[in-house]
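Input: a single structure, listed below in C-alpha cells.
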Amino acid sequence: MFNIDYSGNKITGIRHPFSGQIREIQIITDCNPEQPMIPYPDIYKSPDTLDLQLAQIMAIETHYHCEVPDYARLVRLLLMEMHRLLNHFNYFSTLAFAIQFPKLLEKSVANSAIIRALLLNIDKVQSLNKYFVIGGIATDLPTGFIETLTDSIHVIQKNLGYYERQLVQKTLLSNLLEDIGIISQKHAKTCSLSGPNYYASLPHTEYSLFTNNLFQKSVHLEPIKTDFRKGTIGDSWNRSWIRFMEIEQSLRLILQLTGVIMKTDINLMIQPFLPGRDSDFMVNFNHAEGQIISHISKSQNNHYITGKHQYPVINVIKNLDSILVGERISSAKIVLSSLNLNPVKYLIH
C-alpha cells in the first residue's frame, strides 16, 4: 500500500514502505531443476500466475536445451493467450470501477469470468500450478475444452463492439482518458516500462503478441500496428487502446490455435535430459504486462536453485514518483488504473 500526497489539485509526492527487495520475486528451492518452482504463495490464484510459472519453466528449458513437442507448445501458447485476455479484462474492470463506469464494468467482469471459468476447468483435472513441466505439459486439455472455448470466444467477440465505441467515439470514457497520465517514450525507457505501458508511449510501432519461444509456423498473425486515433501519445487512452487491440488480436490467435491443435498429434512432453551445467541462466519472457525477467542460479551443492523473477508491475511501482508527481489529484485513479496496478492498494490523503 502507498499514500499519495497532494497540494491543491496537484500530486506532490508518494510515500510507501517498499524496499529494494520488492523489485524481485525471489525463491529458494531444494528441488531438482526438472521440478517446477512456484514464485507466489498459495493465496494467489493459479490462473493469475501462469505467465510467471511458464517463465521459470522456459528459463530452465533454455539452459538445458530441452525439447518441447509441437502439441505442448501450442497448448502453452493457447493458455498464455487466455491468460492475456484474463489480464486485460481485469484491467478494464479495474478502470471501469475507478471511474464508476457501470456498463463497462459489467461487460469486463463477465468476460473475465468466462476465461477464468475455462482455466479453472483445467485446474479441476490438473492443478494449473503444476500444469507446465520441463519438456512440455503435465496433462492434455479436458474433453470438450476446445469446443467450449470456441463458443466462449464468439460470445466475447460480440461484446467488443461496445469497448471500441466507447474508446473511439466522443464519449465520457474517451474524454476521461485523453491527455491524462502522459508518459513519453524517453520517460517510459527511464522507468523500465514494458508491454502495453511501453508500446503506448511509441509514436509508431508494430509488435507481435507472443514470444518466439512459443511461436509456431503453423500459426500466423500479422503484427499489431498501433493505430492511435485520439488523445496524446503515451496517455491513458493510448494504454487502454493498446490493450483493446491486444484483446482483438489474441482472440483471433486463439481461434487459429483451436483449429491447429485439433489437427496436431498429441504429444505432451519430451523427457528432459539434464546434463550438469554450473553457469547461471536467465530468460526474458514477453507477455500481457510486459517483460518478465527470470534469473536462476545454481549453488555449489547442486541441490539449491535460486530464482529471481522481476515482474513488470514492480517496475511501474518503483517509478510511481516520477510518473505521478505533478499530475492532477482528480486524475490519480485514472492514471493508476491505466498502469494496471491491480494487486496494489493505495490511499489518497
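A compact table of results
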read-out	value
Neighbour-count order for 193, 221, 172, 209, fewest beta carbons within 10 angstrom listed first	172, 221, 209, 193
Efficiency of FRET between residue 140 and residue 165 - r from beta-carbon atoms, R0 25 angstrom, step 0.05	0.05
Cα-Cα P(r), region 146-188, percent of pairs per 5 Å interval	5, 18, 15, 13, 13, 14, 11, 9, 3, 0
151, 140 arranged by Cβ crowding within 10 Å, fewest neighbours leading	151, 140
C-alpha center-to-center spacing [region 114-154, region 183-205] in angstrom	33 Å
Computed E for residue 70/residue 175 - FRET, C-beta separation, R0 45 angstrom, nearest 0.05	0.40
Contour minus Cα-Cα distance for residue 262 and residue 157 (0.36 nm per residue)	35.6 nm
Cut-off under 5 Å, modelled amide H: who pairs with residue 133 long-range	138
Extension gain from residue 328 to residue 109, taking 0.36 nm per residue of separation minus the Cα-Cα distance	76.0 nm
Kirkwood Rh, Cα atoms: Rg over Rh of region 80-203	1.05
Computed FRET value (nearest 0.05) for residue 221 with residue 5, which takes r as the C-beta separation and R₀ as 41 Å	0.35
Entries of 107/189; 103/263; 130/263 with Cα pairs more than 31 Å apart	107/189; 103/263
Environment charge at residue 13 (Cβ cut-off 11 Å; Lys +1, Arg +1, Asp -1, Glu -1)	0
Compactness index (Cα Rg / 2.2 N^0.38 Å), region 74-133	1.28
In order through region 235-251: 3J(HN,Hα) via Karplus (6.51 cos²θ - 1.76 cosθ + 1.60), integer Hz, x for Gly, Pro	8, 5, 5, 4, 5, 5, 5, 4, 5, 4, 5, 5, 4, 4, 5, 5, 4
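No value in this document is a laboratory result; all are computed from the given coordinates. Worth saying up front: this structure is predicted, and the values here are computed from it rather than measured. When we count neighbours, we look across all protein chains shown, and the Cβ atoms used for this are built from the backbone with ideal geometry, even at glycine.
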